[in-house]
Amino acid sequence: MIRYLIFLVFLVSLSYSSNAQLLRVKSAKSVDYFQGFNPKGFESSIGYGYSFSNSFRLKTGLSIGKHNMTFSSFNRIQPYFSVYYNFYRFNEVLFFDAFGSFKVGFQSGYNNVFGGHSNFYVGERIGINAEYIIYHFLTAGVFFSQDFYQLNDINSKSFSLGFFISYNF
């Protein structure tokens, strides 16, 4: 019964998405909240998005995370810069994007080998996401990404799963 209700809500929301095509045009803007989870912790971020065309978008923002590993625990703060490319769209309501990000950050925490530890690092993120238009000004979606870090003494890569919500204007 619950699956039937979820499917029904999905179908009804498709009919309310008549203005959806306005979200993927040149100079469309958005404010985004991302919540990502990985086996070592979580990251929350808030950002700003701008569409250059129907296929290319830019997002930038600030991410804060807490990570616990076997021998260490640390907090991260990192600004990021992402480029999105839309590779598939369904009925101007459901969009699938590939993205690449560049980030520079600072982490501090405790490591059993290094003791108290803090350092700057640079990183890249590649991934895919699916975005669904709930209403013409509100979208939600999920993402999967692989992260790589350089100049980082604690870890060099991780992956993240998460969700996001965007207010579009």
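The values are calculated or read from the model by the stated rules, or taken from the named source; none is laboratory data. All figures in this text were calculated on a predicted structure; none of them were measured in a lab. Note: ideal-geometry Cβ built from the backbone for every residue, glycine included; neighbour counts use all protein chains shown. Surface accessibility is based on the protein's heavy atoms, side chains included, excluding ligands, DNA and RNA. Shrake-Rupley method; radii C 1.70, N 1.55, O 1.52, S 1.80 Å.
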Taking the stretch 54-85 and the residues there that are open to solvent by 80 Å² or more (accessible area, probe 1.4 Å) and of a type in the set (A, V, I, L, M, F, W, C), the one that is farthest from Ser156 (Cα to Cα) would be Phe56
Hey, any hits in the stretch 85-97 for a residue that's touching an Asp or Glu at 6+ places or on another chain (Cβ under 6 Å) and of a type in the set (Ser, Thr, Tyr)?
-> no
Of everything in the stretch 20-32 that's surrounded by 15 or more Cβ atoms within 10 Å (Cβ to Cβ) and part of a strand (DSSP E or B), which residue is modelled with the lowest pLDDT?
-> Ser30
Among the residues of the stretch 113-133 satisfying the criterion of being among the β-branched types (Val, Ile, Thr) and at pLDDT 90 or above, which is least open to solvent (accessible area, probe 1.4 Å)?
-> Ile133
Across the stretch 114-138, what is the number of residues that are in contact with a helix residue (DSSP H, G or I) (Cβ under 7 Å, 6 or more places away or on another chain) and assigned to a strand (DSSP E or B)?
-> 2
Is there any pair with a first residue in the stretch 145-156 that is in a strand (DSSP E or B) and a second that is polar (S, T, N, Q) whose Cβ atoms are under 6 Å apart and which are 6 or more apart or on different chains, and what are they?
-> Ser145/Ser160; Asp147/Ser158; Tyr149/Ser156
Among Tyr48, Tyr88, Tyr110, which is under 19 Å from Ser27 (Cα atoms), open to solvent by 70 Å² or more (accessible area, probe 1.4 Å) and either in contact (Cβ under 8 Å) with a residue 24 or more places away in the chain or part of a strand (DSSP E or B) (or both)?
-> Tyr48
Which of the residues spanning the stretch 134-150 are open to solvent by less than 70 Å² (accessible area, probe 1.4 Å) and over 16 Å from the mean Cα position of the chain (by Cα)?
-> Ile134, His136, Tyr149
